[in-house]
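Below: the structure, in structure tokens.
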Amino acid sequence: MKATLNIWFLFFLIIWESGLAQSRKTINIPNIPGYQTLKCDFHMHSVFSDGTVWPTVRVQEAWQEGLDAISITDHIEYRPHSKDINADHNRSFEIAEPLAKELKVILVRGAEITRGMPPGHLNALFIRNANLLDRENVNDALREARDQGAFLIWNHPGWKVQQPDSTVWWAEHTNLHKNNMLHGIEVFNESFCPEALDWAIEKKLTIFSNSDEHGPSNYNDGHRPLTLVFSKSRTQGGIREALFSRRTVAYFGNTLVGEAAYLNPLFFASLEIDNEPLRLKNKERKLIFVKNNSDINYELELAQPGIGFYAPEKLSLKAHQITPIELTGNSEEVAQIKSLKIYYVAKNLKISNEKNLVVTFSFPNI
Ligand code: ZN
């Protein structure tokens, strides 16, 4: 009896030690034609700057939460734990990298250039050597990052500590943008920043939503703020190409922000719709069953009434559920229409501060 207990104890100890007790969640957001949809977070900290976790914890969290890629972006200029942790700026990446390789989480080498406004805080991704970004003059640091091939993001431009009264685009940002030292902007970091979205559209910057996590990640009943990257491959090079080509969508809470060119295929790739001809006649009612395989609840409002039929004013296509759409013929002509078109405004899919995505359903009728 005692021997058996010991064997069981040893067995559990082995499982515990190897970390097998944990499992990986799946984020259900579909790929779109031509691209894989990678779930990424390009802004977070470890004890090597002002975070409170060891770098491998970031990798473990990302794996458990179902992420494809992360970047640990420790501050270059702000290291409050430096009395206890005395290491160079590449160390957090080097510590995290073996676990990332083992768990197949893509780890992008990054750092946060941390200055007053302007230009504020900028993340440099895909750098080769973070130590060389430790420069007195911010322009030297940014130039060095650019020359290493970095992708540069203006972080939390609406942060009240740096821009208390109004969120301003400074002349310095125009200069950085002109000189290939500013490529992306966080439209979400703790909260949504409408100015950042306007600038992303106007100045053709890549859209980001990042967690900027400092403590342990704690998104048990939801997901952390994510940047969805539409990549040709699940590789570091694929992500880099996609970021420079501006193929991203910000995903925070139940909201997605990005270009219609990505939101529209993402919406339809999420759904399974029965495409049997309806053969709808006047005064007749038919149901179309729509299955939403994604984690996103799509909230729709009728943009334009149907021609020859009534459709619901509001539709809520809940995540992982089947929702019936009820159509009722209201004219004799409806029986002659080849496909019934319905236009809905997607309330949680933003393409700008003023506009939401309009989705068009087209149901075969005869
Ligand atoms: Zn940060």
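Taken residue by residue, the stretch 170-187 has no member that is away from the ligand (no atom under 15 Å from the Cβ), among the small types (Gly, Ala, Ser), out of contact with any Pro (no Cβ under 9 Å at 6 or more places or on another chain) and open to solvent by 60 Å² or more (accessible area, probe 1.4 Å). Screening Ala111 against (1) within 15 Å of the ligand (Cβ to nearest atom); (2) in contact with a helix residue (DSSP H, G or I) (Cβ under 6 Å, 6 or more places away or on another chain); (3) open to solvent by 40 Å² or more (accessible area, probe 1.4 Å) leaves a single unmet condition, (3). Number of residues in the stretch 47-68 that are assigned to a loop (DSSP other than H, G, I, E, B), open to solvent by 20 Å² or more (accessible area, probe 1.4 Å) and away from the ligand (no atom under 16 Å from the Cβ): the value is 2. Scanning the stretch 70-104 for residues that are open to solvent by less than 60 Å² (accessible area, probe 1.4 Å) and touching a helix residue (DSSP H, G or I) at 6+ places or on another chain (Cβ under 6 Å) yields Ile70, Ile72, Asp74, Ile76, His89, Asn90, Ser92, Ile95, Ala96, Leu99, Ala100, Leu103.
With respect to the conditions (1) of a type outside the set (Gly, Ala, Ser); (2) within 14 Å of the ligand (Cβ to nearest atom); (3) open to solvent by 40 Å² or more (accessible area, probe 1.4 Å), Arg146 lacks only one, and its number is (2). Which one of these does Asn275 not meet: (1) within 24 Å of Leu226 (Cβ to Cβ); (2) in a loop (DSSP other than H, G, I, E, B); (3) of a type in the set (S, T, N, Q)? Tallying (1) within 24 Å of Leu226 (Cβ to Cβ); (2) in a loop (DSSP other than H, G, I, E, B); (3) of a type in the set (S, T, N, Q), Asn275 fails exactly one: (1). Considering the stretch 245-299 alone, what residues qualify as being within 25 Å of Ile207 (Cα to Cα), surrounded by fewer than 21 Cβ atoms within 10 Å (Cβ to Cβ) and basic (Lys, Arg)? Correct list: Arg246 only.
The values are calculated or read from the model by the stated rules, or taken from the named source; none is laboratory data. The model shown is predicted, which means the values in this text are computed figures rather than measured ones. Here the Cβ is made from the backbone with ideal geometry for all residues, glycine too, and neighbour counts use every protein chain on show. SASA here: full protein model, heavy atoms, side chains in, ligands and nucleic acids out. Shrake-Rupley method; radii C 1.70, N 1.55, O 1.52, S 1.80 Å.
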